[in-house]
Amino acid sequence: MSIHEECGVFGVYSSYAQDVAALAYYGLYALQHRGQESCGIVVNDDGVFASHKGLGLVSEVFTEQEMKKFPYGEIAVGHVRYGTTGGNSLSNCQPIQVNHLKGKLAVAHNGNLSNALMLRRELELSGAIFHSTSDTETIAYVITRERITAPSIQEAVSRAMDRLDGAYSLVLMSAAKLIAVRDPHGFRPLCYGQMEDGTYIVASETCALNAVGAKFERDILPGEILTIDSSGVFSDRRHCGTVAKRLCIFEHIYFSRPDSVIEGVSVHDARMKAGAILASAHPADADIVIGVPDSGLDAAQGYSRASGIPYGIGLIKNKYIGRTFISPGQDRRVDQVKIKLNPVESEIRGKRVVLIDDSIVRGTTSARIVKLIRDAGAKEIHMRISAPPFLYPCYYGTDIDSPEHLIASHHSVEKIAQMIGVDSLGYLPIENLKELCGSDGYCSACFSGCYPTAVPTDTRKDQFEEKLSKRKQW
């Protein structure tokens, strides 16, 4: 088991009809690292929605033939998914579309509601019928219920935020508006920018703005509702500052692309700093520093610079397959390690190696990587992790729903080192996390157990998909 990606959201608002689907395609392509299960685009052509969604990568789902089917439009929303609630099925592909009395709505969601089960039960008991098992449909239902009495879609979203707990960065599209929403804690990143022709872009990361040539304006504030329509940009900040900011620290460690800037901090610089901290906290007498592609490479360079040990390319990643963890089943995941990574023997053989990776979850993948390097002739392997040990589940979008999956919850550092086959093991000290993002406004609950919200009682990803034999009857 490994850490899974977050989802990625993307939105376009144009003052004139153009190929907004193409902009969404390029934006999602830039955000592909955040989700590889499924993707979707919905285009608004003068109030008429056209969509295409499917399982797989952006380049697989949006073929040239499919892209030609999209009309020119003024607004579009897009999504790449790794689901943390709900299985990998076509019904869970986003954006989710809703047709209701006061108009259409398309919703793309990055994050995970900690009160999704409670809200869903409440809605079902009042007559709601769900077509998917994702918490995004729950969000759409809550908003549309509030829209019945709310004077505007923005007000309906504001009222819905009073009922939603947990992590959500949303891009919503109505018949005439593009709306960006970030939960009051700001768990997941969201930003917006503008192209030279005045087209507005909303995206999970700045790398997606760069992909379409948009100039970064600013991050959406935690708790902010940003509405873009024909009258311009309007910011509703009633929910801002109601709770402490808690951006997921793993955005800087792993989730985000190195060329993105999250909350004013370069992801590349944060990872370089993590490597430097590791070199100080856990020095090693070694000949070479190598990183596990891709998220371990920046930290490895930081370790090398701080320690003076030469940096080398010791592992080559096959660029033409998906990430290891998108394959179902532990056996297939283990087999794919050899397909995904290949050691450079001339860099490794006979050397004492410092191996940098971003995390150890169950330990299986780490053990296989260590074996690859050992078989390539490494004399010693000293593993350094650019995050503290995972000790607790995450309820805000990282796919770790139980401590039983976490090797560090059950074993000491020395024992883990023995289990994965390294000569020594060192983690990033938890007290140094602040140095990565430059403030105290981050969430590190998966390391510390200090949760910013109430902890849900049922945290299983498949909580809405149980077999009859396991389901409690009611």
Quick check: is even one residue across the range 222-236 within 27 Å of SER359 (Cβ to Cβ) and either touching a residue at least 24 places away in the same chain (Cβ under 8 Å) or in a loop (DSSP other than H, G, I, E, B) (or both)? yes
Filtered residue count, the range 212-221, keeping only those that are basic (Lys, Arg) and assigned to a loop (DSSP other than H, G, I, E, B): 0
Would you kindly identify the strands (runs of 3 or more DSSP E) lying entirely within the range 21-98 that contain at least 1 residues that are among the aromatic types (Phe, Trp, Tyr)? 48-55
The conditions are (1) in contact (Cβ under 8 Å) with a residue 60 or more places away in the chain; (2) more than 30 Å from CYS248 (Cα to Cα); (3) buried (at least 24 other Cβ atoms within 10 Å of the Cβ), and GLY11 fails exactly one of them. Which is it? (2)
Against the definition (farther than 24 Å from GLU347 by Cβ and among the β-branched types (Val, Ile, Thr)), how does VAL289 come out, yes or no? no
Candidate set: the range 172-188, residues that are in a loop (DSSP other than H, G, I, E, B) and in contact with a Phe, Trp or Tyr (Cβ under 9 Å, 6 or more places away or on another chain); chosen: the one farthest from LEU31 (Cα to Cα): ALA175
Residue check, SER91 in contact with a helix residue (DSSP H, G or I) (Cβ under 8 Å, 6 or more places away or on another chain) and either under 17 Å from ALA176 (Cα atoms) or surrounded by fewer than 24 Cβ atoms within 10 Å (Cβ to Cβ) (or both): no
Filtered residues of the range 274-324 (kept if assigned to a helix (DSSP H, G or I) and among the hydroxyl-bearing types (Ser, Thr, Tyr)): SER280, TYR303, SER304, SER307, THR324
Determine, yes or no, whether VAL98 is surrounded by fewer than 24 Cβ atoms within 10 Å (Cβ to Cβ), touching a residue at least 40 places away in the same chain (Cβ under 8 Å), under 24 Å from VAL202 (Cβ atoms) and of a type in the set (Val, Ile, Thr). yes
Could you grab the pairs with beta carbons closer than 6 Å, sequence gap of 6+ or different chains, first residue in the range 421-443 and among the β-branched types (Val, Ile, Thr), second one assigned to a helix (DSSP H, G or I) and crowded, with 17+ Cβ neighbours inside 10 Å? VAL422/VAL370; ILE430/PHE447
Hey, among ARG257, ARG271, which residue is buried (at least 20 other Cβ atoms within 10 Å of the Cβ), at pLDDT 95 or above, touching a helix residue (DSSP H, G or I) at 6+ places or on another chain (Cβ under 6 Å) and outside any helix (DSSP H, G or I)? ARG257
Counted residues in the range 288-337 being at pLDDT 55 or above, buried (at least 17 other Cβ atoms within 10 Å of the Cβ) and farther than 24 Å from ASP269 by Cβ come to 2
Within the range 147-181, the count of residues that are under 13 Å from ARG238 (Cβ atoms) and of a type outside the set (S, T, N, Q) comes to 7
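The values are calculated or read from the model by the stated rules, or taken from the named source; none is laboratory data. All figures in this text were calculated on a predicted structure; none of them were measured in a lab. Note that we place each Cβ from the backbone using ideal geometry, even for glycine, and neighbour counts take in every protein chain shown.
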